[in-house]
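The values are calculated or read from the model by the stated rules, or taken from the named source; none is laboratory data. Note that the structure is a prediction, hence the values are computed from the model and not measured. Quick reminder, even Gly has a Cβ in these numbers, built from the backbone with ideal geometry, and neighbours come from all protein chains shown. Surface accessibility is based on the protein's heavy atoms, side chains included, excluding ligands, DNA and RNA. Shrake-Rupley method; radii C 1.70, N 1.55, O 1.52, S 1.80 Å.
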Amino acid sequence: MRFRRRRTLHLTGLGAALLGLTAACGGGAPALPVAAPPAGSPTPPPGPPNIVLILADDMGYGDLGSFGAPLIRTPNLDRLAAEGVRLTDFRVPSALCTPSRGALMTGLYPPRTGLVGNLPSGSPTEGISDGIDDDEITVAQALRERGYATAMVGKWHLGSTLPHLPTAHGFDSYFGISNGDQTFLLLRGTTPVKDPPGLDQITKAYTQEAVTIIRDAARDRPFFLYLAHRSPHVPLEPAPEFLGRSAGGRYGDVVEELDWSVGEVMKAVRERGASERSTFVLFTSDNGPWVSHGENAGSPGPFRSGKNSPYEGGVRVPAIAWWPGRYPAGRTVSEPVMSLDVFPTLVAMAGGQLTPTRTYYGADLTPLLSGEVSRLPGPGMDRSREMLGYYFSDAVSLRSGRWKFLRPGYWDLVDTLYDLQADPSETTDLYPTRRDLAAPLAERLAFLADQIARGSKKPKKGGGPD
């Protein structure tokens, strides 16, 4: 098991020293009304905060009230947005579960970990023994090295056999279904749970576990909780008390139950208080909605396509950051950021630094989220950051400033260029008339993709859209 030996992280500074392969300023997402923020929060106590990371599964950009959902009611998440920061251009490097989750946990582009496609189902002792490698540094391990207690609840999908489970990769405890097959084994640690609840009760079970972790966490050290829901991924199985409740249909029922879960978690956070230690909360999704499921799928909002697509509907997801007293309430950030930024941001919060032995492509978002700066500079168009988008092992898109260059694939037979500031829905291909922009972006994409590929790993076994 990986953590029977203790490995020290040799870490360097964040900020300008970080390489930025990420994207620019500018809008693209329409401005939406958010509930009036409360009065200013008191300054939180010094020291590293508790951290709660909540991940939805296949949630669309347009599935929350604070992001424009017309029928689905999400009062708890809307309150989180009103009290925190709404990120309207939060991106994932791949619109699939495993590569997106791997990037979130490691801060690395998918080829660097080999987690480029969805891993198959398995149990701790059976199935394909492949998944996240022992030499990867997860955010849980980095935080544990800084003294954090670490816990995970929910869907892992980075490997199901013993060497690949969360407890072998930085988490002190685990309760959840480790793979993409939502009807498979529910584990506590590495042991299957006897008489597990049905899928219509799994959100409640995850919520109860998360609330218990928050309430029982020791007061003398910070904790990191990663709560990765299976909702609103198909099959849609809301609890009986939520069935038929939403004007958004069965999918809306599931999202409203997830919103209830967020409310229960936040109630536990608020009851714990901030007199001794503050708490940072981040809510987001692993990728966009699985639109091929029709009415059983979510909404990409104003964007094109969804899951397993490099278009905005697949890679742009709702995100809310909450840290009262540190982040201004009701703030909206339209600067493009990505899930690779989460790793360096959380490590910085914990007072740590990034290891110099590997290249990270994210940045500490704290100055942006706190309002100290309005953008994060980079080497892209108009001094913006640059962000790559992947389809399995292939880099297929580059976001640079307001521009997005997209290579051909099943989605289109030719190179395309979009102005996301003027055309966030990607309806007008500007490649034929703006080859002066397309050519350098194509060269830059090839250069960055080659950089990533030089440090890549053999792809893990698996594949498919689940």
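Just name one of G180, T98, T150: the one whose Cα is farthest towards the positive end of the charge dipole of the chain (beta-carbon charges, Lys/Arg +1, Asp/Glu -1). Going by the Cα projections, it comes out as T150. In terms of packing, defined here as the mean over residues of other Cβ atoms within 10 angstrom, the peptides 434-444, 197-207, 336-346, 73-83 line up highest first as 336-346, 73-83, 197-207, 434-444. Once the 1.4 Å probe is applied to the protein heavy atoms, segment 286-397 comes out at 31 Å² accessible per residue. Evaluating 6.51 cos²θ - 1.76 cosθ + 1.60 at θ = phi - 60° for every residue in segment 287-292, the Karplus couplings come out as 5, x, x, 7, 5, 5 Hz, glycine and proline recorded as x. The phi torsions of segment 428-433, fed into the Karplus equation with coefficients 6.51, -1.76 and 1.60 and a -60° offset, translate into couplings of 10, 7, 9, 4, x, 9 Hz, rounded to whole numbers, with Gly and Pro shown as x. Amide H contacts for D89 (H built 1.01 Å from N in the peptide plane; partners 5 or more residues away or on another chain; cut-off under 5 Å): V337. Note: relative contact order over the chain, using C-alpha pairs below 8 Å and six or more positions apart, is 30 percent.
Shape class of segment 351-417 from the alpha-carbon gyration tensor: oblate, with a/c at 1.5 or above and b/c at least as large as a/b. Take S334: with every protein chain present and a 1.4 Å probe, its accessible area is about 50 Å². Remark on G154: its backbone amide H falls under 5 Å from those of F175, G176, I177, A228, a criterion applied only to residues 5 or more positions apart or on other chains, H modelled at 1.01 Å from N.
The share of accessible area on segment 210-313 that comes from carbon and sulfur is 48 percent, using a 1.4 angstrom probe.
Phi-derived couplings, Karplus 6.51 cos²θ - 1.76 cosθ + 1.60 at θ = phi - 60°, listed residue by residue for segment 407-414: 6, x, x, 4, 7, 6, 8, 9 Hz, with x used for Gly and Pro.
Measuring with a 1.4 angstrom probe and ignoring ligands and nucleic acids, F303 comes out at about 10 Å² accessible. Radius of gyration over Kirkwood radius for the chain, both on Cα atoms: the Rg/Rh ratio is 0.93. Ordering of 111-121, 159-169 by packing is 111-121, 159-169, highest average first (other Cβ atoms within 10 Å, averaged per residue).
Helices in the chain, meaning DSSP H runs of at least 4 residues, each add -39500 (n - 2.57). Divided by all residues, the mean residue ellipticity at 222 nm is -7000 deg cm²/dmol. With a cut-off of 10 Å between beta carbons, the residues surrounding D415 carry a summed charge of 0, where Lys and Arg count +1 and Asp and Glu -1.
Here's how it looks for I51: its modeled amide H is under 5 Å from those of F223, F224, L225, F280, which are all 5 or more places away or on a different chain.
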